[in-house]
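S.K.: The structure's right below; bear with me while I get my questions together.
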Amino acid sequence: MREWPWTSQRGLRCYCQSTGCGLGGPGPLASPYGIPRDQISPHRAASDVVITAAILEELIKQARWSQLLQWSYEPPLHTRLHFGKHRGERYDGVPVDYLAWILRSDLDAGVKHSAQHWLRELAGRDQG
């Protein structure tokens, strides 16, 4: 996830439903739209709609609509590797030369896009 990279794409909604997080702690998702936590059941259609809407509402507070639209045209941004010797590790935790190797490989566009994104992020951290 671009705005909350510490989560997985599928895990964000489940995490928020089970913990009542506000994307990092107590907050708007603790009781979305005034619905008590004990009335929100993970993986139930109505609960999923409520949590997804609350996540979108939080997301648009942090990203412009133009950013959301741009992201919809890009390949998916992964936070963890799903293959190889670094399987399960976060992209920002593997050696830079491994990310460079991914860019030269014949892996899919989403994996390469993610490697490029995290290389830029890591370079920015080194300069900042």
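S.K.: What do you reckon, is ASP38 among the acidic types (Asp, Glu) and either under 23 Å from ALA123 (Cβ atoms) or surrounded by 12 or more Cβ atoms within 10 Å (Cβ to Cβ) (or both)? Even if it seems obvious, please write down each step before you answer.
M.R.: Details: among the acidic types (Asp, Glu): yes; either under 23 Å from ALA123 (Cβ atoms) or surrounded by 12 or more Cβ atoms within 10 Å (Cβ to Cβ) (or both): no.
So ASP38 fails the test.
S.K.: So, one more: Take ARG13 and decide whether it is among the basic types (Lys, Arg) and modelled with pLDDT of 85 or more.
M.R.: On the way: among the basic types (Lys, Arg): yes; modelled with pLDDT of 85 or more: no.
Judged against the criteria, ARG13 is not a match.
S.K.: Are any residues in the range 49-101 hydrophobic (A, V, I, L, M, F, W, C) and touching a His at 6+ places or on another chain (Cβ under 7 Å), and if so, which ones?
M.R.: LEU77, VAL94
S.K.: May I ask you to list the residues in the range 76-103 that are closer than 16 Å to HIS113 by Cα and in contact with a Lys or Arg (Cβ under 8 Å, 6 or more places away or on another chain)?
M.R.: LEU77, THR79, ARG80, LEU81, ARG90, TYR91, ILE102, LEU103
S.K.: Quick check on this structure: which one of VAL111, VAL94 is in contact with a Phe, Trp or Tyr (Cβ under 9 Å, 6 or more places away or on another chain), closer than 26 Å to ILE55 by Cβ and hydrophobic (A, V, I, L, M, F, W, C)?
M.R.: VAL111
S.K.: How do the helices (runs of 4 or more DSSP H) wholly within the range 44-128 filter down when requiring 3 or more residues that are aliphatic (A, V, I, L, M), exposed (fewer than 13 other Cβ atoms within 10 Å of the Cβ) and in the same structural domain as TYR33 (by TED's automatic domain parsing): which remain?
M.R.: Qualifying helices (runs of 4 or more DSSP H): 45-62.
S.K.: Within the range 77-95, does at least one residue satisfy the condition of being under 30 Å from TYR33 (Cα atoms) and over 15 Å from the mean Cα position of the chain (by Cα)?
M.R.: No, there is no match, as no residue in the range 77-95 is under 30 Å from TYR33 (Cα atoms) and over 15 Å from the mean Cα position of the chain (by Cα).
The values are calculated or read from the model by the stated rules, or taken from the named source; none is laboratory data. If you're wondering where the values come from, they're calculated on a predicted model, not measured in any experiment. Heads up, the Cβs are rebuilt from the backbone with ideal geometry, glycines too, and the neighbour counts pull from every protein chain shown.
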